[in-house]
Amino acid sequence: MRRQRRSIPWVLLAPLLLGLPLGEAAPAALPSELRVRVRLPDGGVTEESLQADSGADCVTLELRKGDGTLVTLAADFKQEVKIFRALILGELERGQSQFQALCFVTRLHRNEIIPSESMAKLRQKNPQTVRQAEEVRALEHLSMDVAVNFSKGAQLSSHIYNVCSEAKEAIYTREEDVKFWLEKGVDGSMFEVLPQSTDLPDLQRCRLCADRWKPCICSYGLSIEWYPCMLKYCKNRDAAGKVSSYKCGIRSCQKAYSFDYYVPQKQLCLWDEET
Ligand SMILES: *[C@@H]1O[C@H](CO)[C@@H](O)[C@H](O)[C@H]1NC(C)=O
């Protein structure tokens, strides 16, 4: 399959085009939604939804994987929090309930994703084009060693309440992220450190564990197939020859994540099996 690349397939609607002076937002900061067609690693095509709310300073991406799993990423720029949620369809013939929800909460760094305000202005020239990211970022491996209490989680980010409501018992984060949020003044009582291999020497990876009822370390991987990770700047030369730069597009990235977390029973981690 040939990758379709265009130099600037994306246009950030320049405020000047709208007749608004630079730096001034559109009248009401309504959430905006963009739908893009994205190529999946298995060759299939999925529709990805990108929502931006510049008022709340957050961005939400959602896509359905080939196996039906719904993957959501909510980036809360105000609280410096990003939330990954996976709604995994169960295999009914294996006696699994209809779906399993997982939430992974981690620190949002500056410059990981373009600002919500720019995302809200993003338009595509050709909505039918199937996109593939220009840059593949390295797989990130995260060890999720802390559980987050759902009812208190809204104090960390209000989006936890909306995004993780189906994953109340399965919201995970990392001690290093917790440290960062505690320094910002977030209430620590919502976090509970999970058992580690150092506490339970028998604790092994679920894929190596034969007993369905034993605790183990589960792995779950997901990938954000396409997201605007950087702004592109173009140069402009005015009549007097003075050069200025302005935002004129985005660079797209793909990034995969692998999360390790404790489960009290291997049967909660049935996808993580040796094949
Ligand atoms: C989460 O916090 C609520 C409110 O304080 C508490 O009632 C509940 O027991 C906690 N849940 C867990 C699993 O610790």
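Miscellaneous remarks
- Ranking 157, 60, 259 by how far each Cα lies toward the positive end of the dipole of the chain (charges on Cβ) leaves 60 at the top.
- Using bins of 10 Å that start at zero, the share of Cα-Cα pairs per bin across the range 149-245 amounts to 11, 25, 27, 16, 9, 7, 3, 1, in whole %.
- Sparsely packed trypsin sites (Lys or Arg not before Pro) within the range 85-169, loop by DSSP, other Cβ within 10 Å at most 15: 110, 125, 168
- Gap separating the Cα centres of the range 61-86 and the range 115-181, nearest whole Å: 5
- For the chain, the Cβ-based charge dipole about the Cα centre amounts to some 1560 debye (Lys, Arg positive; Asp, Glu negative; other atoms uncharged).
- Taking Cα centre as origin and charging only the Cβ of basic (Lys, Arg, +1) and acidic (Asp, Glu, -1) residues, the dipole magnitude of the range 85-199 rounds to 640 debye.
- Lys/Arg +1, Asp/Glu -1 at C-beta; the chain dipole; positive extreme among 229, 84, 172: 229
- Rounded if a/c under 1.5, otherwise prolate or oblate - the range 62-136, Cα gyration tensor axes: oblate
- Label-to-label distance, nm, for residues given as residue 183 and residue 246 (7 Å Cα→Cβ offset): 3.9
- Farthest positive-ward along the chain dipole, Cα basis, beta-carbon charges - from 144, 270, 246: 246
- At 1.306 mPa s and 10 °C, Stokes D of the chain from Kirkwood alpha-carbon radius, µm² per second: 78
- Charge dipole (debye, nearest 20) of the range 120-257; +1 at Cβ of Lys and Arg, -1 at Cβ of Asp and Glu: 1200
- Theoretical ellipticity at 222 nm over the chain - DSSP helices of four or more residues, -39500 (n - 2.57) apiece, nearest 500: -2000 deg cm²/dmol
- Taking other C-beta atoms within 10 Å as the exposure proxy, 197, 158 rank 197, 158 from fewest upward.
All of the numbers you see were taken from the coordinates with simple rules; none came from a lab. Just so we're clear, the structure is a prediction, and the values are computed from it rather than from any experiment. Neighbour counts are summed over all protein chains in view; Cβ atoms, including those assigned to glycine, are modelled from backbone coordinates with ideal geometry.
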